[in-house]
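The block underneath contains the structure these notes are about, expressed in structure tokens.
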Amino acid sequence: MNQTRKILIIEDEPAISRILKDYLSKYGYEIAIAENAHDGLLMMDLLQPDYMILDMMLPDMDGIDLCREIRSRSNVPILILSARGSDTDKVLGLGFGADDYMTKPFSLSELLARINAHFRRYDSMLLPPAPENKDLLQLGAITIDKRAHMVTVDGLEVALSATEFELLYYLACHKNQVFSKIQLLDAVWGYTSYGDESTVTVYIRRLREKIEVKPSAPVYLKTVWGVGYKFSQDDGR
Ligand code: CA
């Protein structure tokens, strides 16, 4: 989850590649820069980047030809930086393998948001799906009835909002498995919502207040420091 993602930038304008490198590095990405297509392809084979950003206009190769060349070797996601609005049609229309594009001048925060969104989608695809046939979960004193959307603790019904229920159900379906806040955001809220990680914290706190005997010392919804949360199923039931 926390391994550093490598992004290779192929861009012949040092002013732009330097800004990109400084900015994306700050957010934890490892950045390599090539100034032409030839070097870019060599570095790609060498570094095996997780993501590539290509300038459309390079000194030795057209961005579209470069994109095709990359696609013939790898499925790495490609974002194209194009200088002119008219290129947009080309980028979108030709279907030569780019995943995304931005027109210069572009916003760094927008670029970062797109890259982050890509990796969040990617990570969420690696998440285990909720097991089937789990309409009724009995975990210690807690019963979760998926169909009725009902939760009871020691036989007493607890009123949960729809999202609280989904979060509890997801964790309970994967008991004793630790999830990061980002993973829970993706799984419960959906990757399309650019939710704040603190949302998860708030919902966990609310759930604890509703299902735990002592919310400050939770038995079920445990914090795993530095990682995230898990639904713990202890033996004493
Ligand atoms: Ca250029």
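A few comments on the model shown:
- Qualifying positions in the range 101-124 - small (Gly, Ala, Ser) and surrounded by 14 or more Cβ atoms within 10 Å (Cβ to Cβ): Ala117, Ser124
- Hits in the range 1-24 (condition: within 24 Å of the chain's Cα centre (by Cα), modelled with pLDDT of 95 or more and open to solvent by 20 Å² or more (accessible area, probe 1.4 Å)): Lys6, Ile19, Lys21, Asp22, Tyr23
- Applying the criterion of at least 1 residues that are closer than 16 Å to His118 by Cα and within 16 Å of the ligand (Cβ to nearest atom) to the strands (runs of 3 or more DSSP E) found wholly in the range 1-78 leaves 6-10, 51-55.
- Residue that is most open to solvent (accessible area, probe 1.4 Å) [pool: residues in the range 173-192 that are among the β-branched types (Val, Ile, Thr) and within 11 Å of the chain's Cα centre (by Cα)]: Thr192
The values are calculated or read from the model by the stated rules, or taken from the named source; none is laboratory data. Bear in mind that the values here come from a model prediction, so they are computed numbers and not experimental data. Neighbour counts are summed over all protein chains in view; Cβ atoms, including those assigned to glycine, are modelled from backbone coordinates with ideal geometry. Only protein heavy atoms, including side chains, enter the accessible area calculation; ligands, DNA and RNA are left aside. Shrake-Rupley method; radii C 1.70, N 1.55, O 1.52, S 1.80 Å.
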